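In what follows, a single structure is set out as structure tokens and then discussed.
The values are calculated or read from the model by the stated rules, or taken from the named source; none is laboratory data. The shown structure was predicted, so the numbers you read here are calculated from the model rather than taken from an experiment. Every residue, glycine as well, gets a Cβ built from its backbone with ideal geometry; the counts of neighbours run over all protein chains shown. Ligands, DNA and RNA are excluded from the accessible area calculation, which covers all protein heavy atoms including side chains. Shrake-Rupley method; radii C 1.70, N 1.55, O 1.52, S 1.80 Å.
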Amino acid sequence: MTDVRTDDRTAFRTCPLCEAGCGLEITVGRDDDGRERVQRIRGDMDDVFSHGFICPKGSTLKQLHDDPDRLRAPMIKRDGEHVEVSWDEAWAEIAARLPDLIERHGRQSLAAYIGNPTAHSLSAMTFSRALLTGLGTRVRFSASTVDQMPRHVAAGHVFGSPVAIPVPDLDRTDHLVILGANPYASNGSVCTAPDFPGRIEAIQERGGKVVVVDPRRSRTAEQADQWVSIRPGTDALLLAAIAHVLLAEGLADVGDHVREHIAGLDRLGAALDAFAPEAVAASTGVDADTIRSMARELAAAPTAAVYGRIGTTTTEFGSTASWLVDVVNTLSGNLDRPGGSMFATPVAGGATTRGRRGSGKGFRVGRGQSRVSGHPEVMGEYPVNCLAEEITTPGDGQVRGLVTLAGNPVLSTPNSDQLADALDDLEFMVSIDMYLNETTRHADVILPVPSQLQRAHYDVLLLQFAVRNVANYSPPVLPLGDGEIDEWEVIARLSLIAQGMGADADPALVDDLAIDGLIGSAVKDENSNVYGRDADELRSALDASGRRGPDRMVDFMLRTGPFGDGFGADPDGTSLDDLLENPHGRDFGALVPRLPEILRTPSGVVELAPDVFLDDLDRLAAAIPELDDRSLVLVGRRHLRSNNSWMHNINVLVKGAPRCTLQVHPDDAVALGLAHGGAARVTSRVGHVVAPVEVTDSIRPGVVSLPHGWGHDLPGARMRIAAEHAGVNSNVLSDDRSMDPLSGTSVLNGIPVDLEPA
Ligand SMILES: Nc1nc2c(c(=O)[nH]1)N[C@H]1C(S)=C(S)[C@@H](COP(=O)(O)OP(=O)(O)OC[C@H]3O[C@@H](n4cnc5c(=O)[nH]c(N)nc54)[C@H](O)[C@@H]3O)O[C@H]1N2
Ligand SMILES: Nc1nc2c(c(=O)[nH]1)N[C@H]1C(S)=C(S)[C@@H](COP(=O)(O)OP(=O)(O)OC[C@H]3O[C@@H](n4cnc5c(=O)[nH]c(N)nc54)[C@H](O)[C@@H]3O)O[C@H]1N2
Ligand code: SF4
Ligand SMILES: [Mo]
């Protein structure tokens, strides 16, 4: 089926599987029945951003599309078994049960969980807000609190907007320090950079230095010029010590380019007093001399950027560590300058390119508390650690219904066994998903979405954190099959049914409301290129193209974005038509300085030392003795051929040696009586698993590592290949009671565990 024939056509599409967003060249032919089929997928050499780079996952969009286990029809659970039904039956079931549940228990008895692929789906990006509005519940959870929420919290307090997140200017920096990220496996995160590995190697080729801070000698650490082996959960201490050295040795200089825009510098010295390198050496496992030279090198490098990811955010001090990344970048003179830590200028849909510039309302958390444990709201949601207790704890507002969109919390979130049990207590659950998996097996109704190749794409979210300002739109490669419904229509109709509009409600209602909302705010925004224009006129101009749904929204976002045509205001500006004429994307150049206009703080300056973080430094200092004493801790890791929990049903990705192994250092293996290839029982406060042991000196003594996203042997799921390579679920071990209190983010790295041979 991979023969390429002369009548084949070629399509270009951005890969939506991870944050790198590589351009793909896809050859489409016809099978003997005349049906269009993908023949071959390879990197698009002409893509303006990825230049032909592709990883092993990219070409599996074909296998994903063809996967017989991928759901093509809705499913309803009848007598404990999922059976395929028609769309009419599925909508009727939801219309009969969801409004009734809301009627009996109130809207706050409904919870929503939004998973990671939402960020990679144009439909979900443009319609999930409408879904949440339609559900009308404040009891919202997402994968953000097992991921990047600390990064948002830091950006929110420091720059005034939770999406004003600086990224390392990879292509121009002379010195890169990576903490808790392994882009050789992950391809980068909250830093959109296709061929991240190539960009790292280019730093070295131009004479720069790359330092990796990680408890494992990861593939990225191997490539780096220096591997700093750190004890898990202590990056905030290391960064505080680096900042301490910069200040104490007189090396701190924010630079003339930003000096007038920065407040709080004078408060930092005293606040960081407790974090001299000697004070943190034992707990971080990094000796004082190494810390000092890291600081000195950052100060001395012509340009430098510090970048922290999952290993820094999913810890007890995730927010403070993320803040300290910004502090160190600022003190070393690298904030908002080429080669340093910079902000993207998103071409479409960027919150930092809308509204008043230079100051704003700032960032607040705690506009509500979770019902059971009283955790503060952050960015409109609660810590996913609380989902189970919200379902199982009786009382007013007890969660009785759940909607999941593109999420698999049963494998991806802490204390998974407890959550799985809780889901069985629900009265009604609906999932919008592609598979019958560990989470959706609990759903009463599963609404499928077409494959990635059957949907249009634009990375509305991830291009906000890109290392260049680019835009790329992909139309669907393959048509919808009989009876298939585009993802946005599924989401929109569910929203309407939740509002009591019945099984036949028309998704166009939601779509029209959404576009009118976008137009309405743009014409009122003094900084918009359509400020003061007539909303109806803009709506007619948009509609003339015949576009609806996400396409119409992307067109509007492009045209009113910083490079947009403004509906005639700038005839050379971009639009969806423009991107259709440029199937390899458009490059709007390297990042440009954005201070102070990007700021949304009430003061109009960078709040480098907000109280919330200075206060948290006391908690950090107080934790040093306990961190010193920790014995064995568990961390995670990723593999290039995986994608969180959901791509293990693709044979070419999972075949070969089992990858869900417990990595143990040889010294620990000897001390604990564990043998390579044997099995170990790993026990935490909340659970235990038995995993195969891989003895390797690439991990720090005292640390063990198990990847997440495995454990595909649960009854009721239908992912046949995944079940053959089940592995164990590491989140059975992660503790729902430990989190970063400032962001509500789970601790997924640095989990205390006991180990014994099994
Ligand atoms: N192939 C593949 N790519 C992916 C994904 C995937 O599952 N597979 N998932 C995607 C998603 S959703 C995300 S968010 C990104 C994540 O992207 P990354 O942040 O790059 O994630 P990882 O590859 O897990 O790398 C995290 C590293 O942190 C280290 N670490 C653990 N604890 C600590 C600690 O306390 N301190 C420090 N300094 N390091 C620590 C781990 O050993 C690991 O090497 O990847 C995305 N890309
Ligand atoms: N221990 C540990 N746990 C972790 C992590 C870790 O490093 N260590 N990483 C965390 C991180 S960074 C993340 S982002 C989370 C991910 O957590 P989740 O988002 O909850 O889980 P995923 O594994 O990404 O599952 C995605 C689900 O979406 C479905 N899906 C895929 N594509 C689409 C689509 O286009 N539309 C729809 N409607 N559905 C789709 C899949 O079938 C699957 O059910 O996991 C977290 N969990
Ligand atoms: S690196 Fe990410 S975006 Fe690029 S091909 Fe692989 S999965 Fe797709
Ligand atoms: Mo993630």
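Rank LEU331, VAL146, ALA321 by how far each Cα sits towards the positive end of the charge dipole of the chain (+1 on Lys, Arg Cβ; -1 on Asp, Glu Cβ) and give me just the farthest.
Value computed over the given set: LEU331.
What Kirkwood radius, in Å to one decimal, follows from the Cα pairs of region 590-629?
On the way: mean 1/r = 0.0770 Å⁻¹.
It works out to 13.0 Å.
Under unit Cβ charges (Lys, Arg +1; Asp, Glu -1), what dipole magnitude, rounded to 20 debye, does the chain have relative to its Cα centre?
Values: 70 positive and 106 negative charges, 93 e Å.
Charge dipole of the chain: 440 debye, to the nearest 20.
If we restrict to alpha carbons, what Rg and Dmax does region 9-66 come to, in Å?
Cα only, region 9-66: 11.6, 37 Å (Rg, Dmax).
Normalised by the residues of region 631-757, what does the relative contact order come to in percent, with Cα pairs under 8 Å and at least six apart?
After rounding, I find 36 percent.
Let a ≥ b ≥ c be the square roots of the eigenvalues of the Cα gyration tensor of region 342-486; is it rounded (a/c under 1.5), or, if not, prolate (a/b larger than b/c) or oblate?
Values: a/c = 2.68, a/b = 1.19, b/c = 2.25.
Cα axes put region 342-486 in the oblate bin.
So who's got an amide H within less than 5 Å of the one on ARG30, skipping anything under 5 residues away but keeping other chains? H placed 1.01 Å off N, in plane.
ARG37
Under a straight-distance cross-link criterion of Cα-Cα below 24 Å, which lysines are reachable from LYS524, leaving out those fewer than 8 residues away in the same chain?
LYS361
If the cut-off is 22 Å between C-alpha atoms, which lysines fall inside it for LYS62, apart from same-chain ones fewer than 8 positions away?
LYS655
Going Cα to Cα from LYS57, which aspartates and glutamates come in below 13 Å? Please leave out same-chain ones fewer than 8 positions away.
Reachable aspartates and glutamates: GLU19.
Dividing the alpha-carbon radius of gyration of the chain by 2.2 N^0.38 Å (N being the number of residues), what value is obtained?
Working: Rg = 25.1 Å, N = 758, 2.2 N^0.38 = 27.3 Å.
Compactness ratio reported: 0.92.
For the chain, what is the mean residue ellipticity at 222 nm derived from helices alone (per DSSP H run of n ≥ 4: -39500 (n - 2.57); sum divided by total residues; nearest 500 deg cm²/dmol)?
On the way: 25 runs with 239 residues, N = 758.
After summing the helix terms and dividing by residue count, I get -9000 deg cm²/dmol.
Relative contact order for region 9-66: what is it in percent, counting Cα pairs under 8 Å that are at least 6 residues apart? Don't skip to the answer; put the middle values down first.
Details: 104 pairs, mean separation 16.8, N = 58.
This gives 29 percent for region 9-66.
Give, as a single signed number, the net charge of other residues whose beta carbon lies under 15 Å from the beta carbon of HIS688, with Lys and Arg counted +1 and Asp and Glu -1. Spell out each step's value before the answer.
Values: positive: ARG681, ARG685; negative: ASP417, ASP735, ASP754, GLU756.
Here the count lands on -2.
Less than 15 Å from a label point 7 Å out along the Cα-to-Cβ axis of ARG35: which backbone N atoms in region 458-496 qualify, by residue?
Flagged as within label range: 478-484.
If I require 30 Å or longer along the helix axis, counting alpha carbons, and a Kyte-Doolittle average no lower than 1.0, what helices from the chain are left? Use full DSSP H segments. Please report the intermediate quantities before stating the final value.
Working: long enough: none.
Taking the DSSP H segments of the chain (at least 30 Å long, mean hydropathy at least 1.0), we get none.
With just the Cα atoms of region 631-757, tell me how far they stretch along each of the three principal axes, in Å, largest first.
Projected onto its principal axes, the Cα set of region 631-757 covers 39, 39, 26 Å.
With a ≥ b ≥ c the root eigenvalues of the C-alpha gyration tensor of region 319-382, is it rounded (a/c under 1.5), prolate (a/b larger than b/c) or oblate? Don't skip to the answer; put the middle values down first.
Working: a/c = 2.80, a/b = 1.53, b/c = 1.84.
Verdict is oblate for region 319-382.
Pop out the carbon and sulfur fraction of the accessible area of the chain as a percent, whole number, probe 1.4 Å. Walk me through the numbers on the way to the answer.
Working: 12840 of 26600 Å².
So the carbon and sulfur contribution to the accessible surface is 48 percent.
Just the number please: accessible area per residue for the chain, 1.4 Å probe, all protein chains included, in Å².
Details: 26600 Å² over 758 residues.
So the chain comes to 35 Å² accessible per residue, rounded to a whole number.
Please tell me the relative contact order of the chain in percent, rounded to the nearest whole number, where contacts are Cα pairs under 8 Å and at least six residues apart. Before the final figure, lay out the partial values.
Working: 1800 pairs, mean separation 148.7, N = 758.
About 20 percent, as a whole number.
GLU36: net charge of surrounding residues, Cβ under 9 Å, Lys/Arg +1, Asp/Glu -1, itself excluded? Walk me through the intermediate numbers first.
Values: positive: ARG9, ARG30, ARG35, ARG37; negative: ASP31.
Around GLU36, the charge tally is +3.
May I ask you to rank LYS361, LYS524, LYS57 by accessible area, largest first, using a 1.4 Å probe over the protein chains only?
On the way: LYS361 190, LYS524 155, LYS57 5 Å².
The ordering from most to least exposed comes out as LYS361, LYS524, LYS57.
For ASP536 and ARG72 in one chain, what is 0.36 nm times their gap in residues minus the Cα-Cα distance, to one decimal in nm? It would help to have the intermediate numbers written out before the result.
On the way: separation 464, 0.36 × 464 = 167.04 nm, distance 3.84 nm.
Taking 0.36 nm per residue and subtracting the Cα distance, the gain is 163.2 nm.
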